[in-house]
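Undergrad: Right, I'll just put the structure down here and ask away after.
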2 protein chains.
Amino acid sequence: MIGENIVASAYIAHQGQELQAINPGTGKSLAGLFQKASTQMVEAALAAANQAFFTCQNIDPNKKVLFLQTIAEALAANGEEIIQRAAEESGLPIPRLQGELGRTTGQLRLFAELILEGSWVDAVIDPALPERSPMPRPDLRKMLVPIGPVVVFGASNFPLAFSVAGGDTVSALAAGCPVIVKAHPAHYGTSALVAEAIISAVEKTGMPKGIFSMLYDDGHEIGRALVQHPQTKAVAFTGSFKGGMALVRLAEERPEPIPVFAEMGSINPVIILPEILESKAEELARQLAGSLTLGAGQFCTNPGITFAIAAPGLDRFKTAIAEAISKIPSATMLSPGIAANFHTAANAMSKEKGISVLAESNLINKELESQSIPRILEVNASDFIKNKHLGEEVFGPQGLLVCCADVQELQNAVQELEGQLTITLMATAKDLQQHLEIIDRLKTKTGRIILNGVPTGVEVCAAMQHGGPFPATNDSRFTSVGSDAVYRFVRPLAFQDWPEELLPDALKDANPLGIYRKIDQQLTKSHVK
Amino acid sequence: MIGENIVASAYIAHQGQELQAINPGTGKSLAGLFQKASTQMVEAALAAANQAFFTCQNIDPNKKVLFLQTIAEALAANGEEIIQRAAEESGLPIPRLQGELGRTTGQLRLFAELILEGSWVDAVIDPALPERSPMPRPDLRKMLVPIGPVVVFGASNFPLAFSVAGGDTVSALAAGCPVIVKAHPAHYGTSALVAEAIISAVEKTGMPKGIFSMLYDDGHEIGRALVQHPQTKAVAFTGSFKGGMALVRLAEERPEPIPVFAEMGSINPVIILPEILESKAEELARQLAGSLTLGAGQFCTNPGITFAIAAPGLDRFKTAIAEAISKIPSATMLSPGIAANFHTAANAMSKEKGISVLAESNLINKELESQSIPRILEVNASDFIKNKHLGEEVFGPQGLLVCCADVQELQNAVQELEGQLTITLMATAKDLQQHLEIIDRLKTKTGRIILNGVPTGVEVCAAMQHGGPFPATNDSRFTSVGSDAVYRFVRPLAFQDWPEELLPDALKDANPLGIYRKIDQQLTKSHVK
């Protein structure tokens, strides 16, 4: 494992401060020394990225496909070492990381397929109408092209699937954008191993070297320099509200505005309607306790808040969730800092007016550090409505049950909710029919609305929307999970009266790529007549 | 003509300051008194818009279609009065305004067709895979939904096509977003007449009244309040760089980031390559002189700068463009303020180092005010490269010819260009083949690249891209002209395991709307199996 920074797919040694990774469970430093990057490296990485961006303009899509597939192969080939290191650095269990590595290589292959199929460039052709009166129409053809170098911040909670070769990186590379990764300080070693896989794929497939760089920093200096560099054309981030908004505001200080995609906090409300509560109180309680504490509650889509109407099933639900929570063991959180923040936020919330502790786990692992203790709090809707803090995310396995006196109070309480990644309804068919207005309100507050499921477990597919109204993200118009994530890093370019031989293949008369195109407002795979 | 502000499709009288429109040609006030809006009206307009937004969620698309068509009919029915008033307020000639009204009603009908066809919602369906191992896949379905109330700033240079019922308004309404227009102070009366058409269409088609409001202000107070209102979810603007960036920065002061679409300045460079210059010097000169002075040079796509290599044809080109420019009469600019700004900027540029006046019109209408005088300046590439000011937009009929010693100097000069709405190549097939690298550089700097045409005359169609890298716009990922403009005002919403009967029609199994949908990654009009 090489701990040097990577500029244009090459290791750069220098005499910077040395950084070490920590095992959050033991609190001890792990093997491997990593070098804090310099701002000169930021300059060099962006210059190389900009050059690679220019070169990649006319790249054969098949070469991009091969590049993404080769990264996936290299990750899989070194899977054991990567997973081992990620487990040590993140405290996440091996099976979870095995799944996450599969998701990461799956993502790479999904985007490879997208590029291979080719229609994602949204080609639109309005052929010339030379006879049109009073003015002829020129020949106009438009397609999506990459936006430029993209800065990706590795996420703490997905050391593989949302980090160095994760969803942000792969969607930017698929778009044709060079990527500069700011490695997350909670997993330097995992980052180094994953970067090795990317560099080897750059080498093997002959991609321009500037397509990938990765820099280490335990502070904010390098991140700030990356976001504010004039050649940076987009930024992708998954993390806290505070971190995401700091990047948004940093980008706003630039003379040139650029898109920042910050996937931030969400409490992913679950609303349990009366009929299903009565019929399935215990089952729902167990299901939610599991979702709330999965991965030590460190998912973006962790269901942090549950609303229920005081109905016959509510007491049974409370008993069952209390019992379930009390039996779920503590778990190691991603980093000592995240564990400390969780304890502070969880305790602060438990002291807010009207809050009582419904249940808490008593299975605490005393031999490990950075332990999260599953807990569920309870509050009345009237107190919830009065206190904005109760709607804020607590990153970790703590949930809040909001008990509503009646439908009207439920309506008032959900009206207070801010934008969310997900909102879940637990409901029978009759429940839904009786609460249509609440559902319509909820739809305006979320990116994904779920019926009778749990929000954790985010499918990587074309129909996924992982993004939602502020403050869940800063820009609800895009998704960071699924193939549509590629649309964050492209812009349309129109060619007017351009000669066939110089048009990109996607726009040529004969449709050599065999893709879907909108010709004269009709979607078709046929050639231009 | 009613000069009261419009809140939720109703006129609101109050005792505000009275405003008057000015005929820029005569400098005299025109009939009609308009009331400066109050911030209370901003509150009322946004509250009504937010309510209408909620109501519109489940609106029948056919009702939206009828609404847009009815606006077009109402505009056409009152066309004569609207055009007459617009001519008085803008100084633009009647035939141009007749064309612009046709474009405006055409735009309304284009978006009506888009909604009627229905596939624009980008429906994506990944059906459940209950048997998948290790985890079943839920049923996921995604489509675009409106983002919320949109604030539209009327543009000075298109009093019809980019103002009250122009491209921004119609694309927002098509998306399902309520619109609050800030009327442009250069054409209060035109705005009032067009708003009447919209209100009558709201009435006739039974749309929720909050879907449309319009406020008057000769200063910045109302615009600022609109941009910063918490219920505003997007802003659209066409105008100067200074004005656009002021709105971008105002929006950045909000706690909640929202998209601002500012179509700002562009000098729309034209690059004449050597072979075509030799063979068509005179024809190109006449063509460019016409495009430069069209509409008194007040188009976003006005070709403000021309690059040519010192080659045998260059002297002939200079002689011909000088002759053409000298014969083009002065014209009334859109407002006394715009005329004053043009004279200041044009004179300042003519005094920059190395600049000489190649030609100036001597046909100046002394009987009218606010006259623009067509002029073309000349500079060597070496002076151009040294002086950033020479690449800035001068809004009006003044062009700059940059003479390059050779291909290398041309390459260096175009490298200095900032982002543009359009870049035009004048070239033979051989010219193109010999300058491929320059062309690749230019593609990274523009939203539309044109061969052997003029950038003025922006076709309203699906393949149009009217938007480009900064500073042409603040967000190159979107277009403000053509049917894709609708994508500025939507966000995806995903439904997970949602029951058929409560899904929007676009996502129902049977595909009752008969639209294209991506099912299991295949585009199809068929139902879900």
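The values are calculated or read from the model by the stated rules, or taken from the named source; none is laboratory data. Not measured: the values here are computed from a predicted model. Neighbour counts are summed over all protein chains in view; Cβ atoms, including those assigned to glycine, are modelled from backbone coordinates with ideal geometry. Quick note on the areas: whole protein, heavy atoms, side chains included, nothing else; ligands and nucleic acids left out. Shrake-Rupley method; radii C 1.70, N 1.55, O 1.52, S 1.80 Å.
Undergrad: Which ones in region B:483-529 are more than 7 Å from chain A (Cβ to nearest Cβ) and on the phi > 0 side of the Ramachandran plot?
TA: B:511, B:514, B:520 - these are the residues of region B:483-529 that are more than 7 Å from chain A (Cβ to nearest Cβ) and on the phi > 0 side of the Ramachandran plot.
Undergrad: Right, another one. Scan region B:225-249 for residues that are touching a helix residue (DSSP H, G or I) at 6+ places or on another chain (Cβ under 7 Å), closer than 20 Å to residue B:485 by Cβ and open to solvent by 10 Å² or more (accessible area, probe 1.4 Å) and jot them down.
TA: Answer for region B:225-249, where residues must be touching a helix residue (DSSP H, G or I) at 6+ places or on another chain (Cβ under 7 Å), closer than 20 Å to residue B:485 by Cβ and open to solvent by 10 Å² or more (accessible area, probe 1.4 Å): B:237, B:247.
Table: residues versus (1) under 19 Å from residue A:188 (Cα atoms); (2) of a type in the set (Ser, Thr, Tyr); (3) within 22 Å of the chain's Cα centre (by Cα).
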position: A:80; (1), (2), (3): yes, no, no
position: A:92; (1), (2), (3): yes, no, yes
position: A:131; (1), (2), (3): no, no, no
position: A:141; (1), (2), (3): no, no, no
position: A:158; (1), (2), (3): yes, no, yes
position: A:161; (1), (2), (3): yes, no, yes
position: A:167; (1), (2), (3): yes, no, yes
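Undergrad: Kindly indicate whether residue B:408 is at the interface with chain A (Cβ under 10 Å from one of its Cβ atoms) and open to solvent by 60 Å² or more (accessible area, probe 1.4 Å).
TA: no
Undergrad: Quick one: in region B:52-92, which of the residues that are touching a Lys or Arg at 6+ places or on another chain (Cβ under 9 Å), of a type outside the set (Phe, Trp, Tyr) and within 14 Å of another protein chain (Cβ to nearest Cβ) is farthest from residue B:24 (Cα to Cα)?
TA: B:57
Undergrad: Now for a different question. What tally of residues in region B:508-529 results from selecting those that are charged (D, E, K, R) and open to solvent by 70 Å² or more (accessible area, probe 1.4 Å)?
TA: Number satisfying all stated conditions: 3.
Undergrad: Another question about this same structure. Can you tell which of B:338, B:328 is in contact (Cβ under 8 Å) with a residue 40 or more places away in the chain, in a loop (DSSP other than H, G, I, E, B) and under 27 Å from the mean Cα position of the chain (by Cα)?
TA: Among B:338, B:328, only B:328 is in contact (Cβ under 8 Å) with a residue 40 or more places away in the chain, in a loop (DSSP other than H, G, I, E, B) and under 27 Å from the mean Cα position of the chain (by Cα).
Undergrad: Being open to solvent by less than 60 Å² (accessible area, probe 1.4 Å) and free of Cβ contacts under 8 Å to residues at least 24 places away in the same chain narrows it down to one of B:54, B:67, B:34, so name that one.
TA: Of B:54, B:67, B:34, the one residue that is open to solvent by less than 60 Å² (accessible area, probe 1.4 Å) and free of Cβ contacts under 8 Å to residues at least 24 places away in the same chain is B:54.
Undergrad: For region A:81-95, give me the residue count where each residue is over 13 Å from residue A:197 (Cβ atoms), of a type outside the set (S, T, N, Q) and surrounded by fewer than 16 Cβ atoms within 10 Å (Cβ to Cβ).
TA: Count: 3.
Undergrad: Pick out the one residue from A:160, A:140, A:144 that is more than 14 Å from chain B (Cβ to nearest Cβ) and either under 30 Å from residue A:225 (Cβ atoms) or open to solvent by less than 10 Å² (accessible area, probe 1.4 Å) (or both).
TA: A:160
Undergrad: Same structure, new question: Considering only region B:397-416, I want to know if a residue exists there that is in contact with a Ser or Thr (Cβ under 6 Å, 6 or more places away or on another chain) and touching a residue at least 60 places away in the same chain (Cβ under 8 Å).
TA: Within region B:397-416 (the criterion being in contact with a Ser or Thr (Cβ under 6 Å, 6 or more places away or on another chain) and touching a residue at least 60 places away in the same chain (Cβ under 8 Å)), the answer is yes, since at least one residue qualifies.
Undergrad: Okay, next question. I'm trying to understand the selection: among the residues of region A:489-515, which are part of a loop (DSSP other than H, G, I, E, B) and more than 16 Å from residue B:440 (Cβ to Cβ)?
TA: Of everything in region A:489-515, those that are part of a loop (DSSP other than H, G, I, E, B) and more than 16 Å from residue B:440 (Cβ to Cβ) turn out to be A:497, A:508, A:509, A:510, A:511, A:512, A:513, A:514, A:515.
Undergrad: Could you check, for region B:52-72, whether at least one of its residues is farther than 26 Å from residue B:213 by Cβ and in a helix (DSSP H, G or I)?
TA: Checked against the condition, which is being farther than 26 Å from residue B:213 by Cβ and in a helix (DSSP H, G or I), region B:52-72 yields no hits at all.
Undergrad: Same structure again: Is there any pair linking a residue in region A:225-252 that is under 15 Å from residue B:475 (Cα atoms) and among the hydrophobic types (A, V, I, L, M, F, W, C) to one that is open to solvent by 10 Å² or more (accessible area, probe 1.4 Å) and in a helix (DSSP H, G or I), with Cβ under 7 Å and at least six apart or on different chains, and which?
TA: A:235/A:247
Undergrad: Would region A:250-257 turn up any residue that is away from chain B (no Cβ under 13 Å) and open to solvent by 20 Å² or more (accessible area, probe 1.4 Å)?
TA: no
Undergrad: Scan region A:430-482 for residues that are of a type in the set (Val, Ile, Thr), closer than 26 Å to residue A:410 by Cβ, at the interface with another protein chain (Cβ under 9 Å from one of its Cβ atoms) and in a loop (DSSP other than H, G, I, E, B) and report the count.
TA: Going through region A:430-482 one residue at a time, the tally reaches 1.
Undergrad: Just to check your reading of the model, which residue among A:505, A:484, A:431 is acidic (Asp, Glu), over 20 Å from the mean Cα position of the chain (by Cα), at pLDDT 95 or above and open to solvent by 30 Å² or more (accessible area, probe 1.4 Å)?
TA: It is A:505.
Undergrad: Just the residues that are open to solvent by 10 Å² or more (accessible area, probe 1.4 Å) and either out of contact with any Phe, Trp or Tyr (no Cβ under 9 Å at 6 or more places or on another chain) or part of a strand (DSSP E or B) (or both), please, taken from region B:418-428.
TA: B:428, the sole residue that qualifies.
Undergrad: Could you please give the count of residues in region B:455-472 that are touching a helix residue (DSSP H, G or I) at 6+ places or on another chain (Cβ under 8 Å) and over 13 Å from residue A:140 (Cα atoms)?
TA: 2
Undergrad: Here's another thing I want to ask about it. Given the condition without any contact (Cβ under 8 Å) to a residue 24 or more places away in the chain, out of contact with any strand residue (DSSP E or B) (no Cβ under 6 Å at 6 or more places or on another chain), more than 9 Å from chain A (Cβ to nearest Cβ) and within 26 Å of residue B:508 (Cβ to Cβ), answer yes or no: does some residue in region B:120-131 qualify?
TA: yes
Undergrad: Name every residue in region A:210-224 that is over 24 Å from residue A:478 (Cβ atoms) and surrounded by fewer than 20 Cβ atoms within 10 Å (Cβ to Cβ), in order of residue number.
TA: A:218, A:219, A:220, A:221
Undergrad: Are any residues in region A:321-345 surrounded by fewer than 20 Cβ atoms within 10 Å (Cβ to Cβ) and small (Gly, Ala, Ser), and if so, which ones?
TA: Once the filter is applied, which keeps residues that are surrounded by fewer than 20 Cβ atoms within 10 Å (Cβ to Cβ) and small (Gly, Ala, Ser), region A:321-345 yields A:322, A:326, A:337, A:340, A:345.
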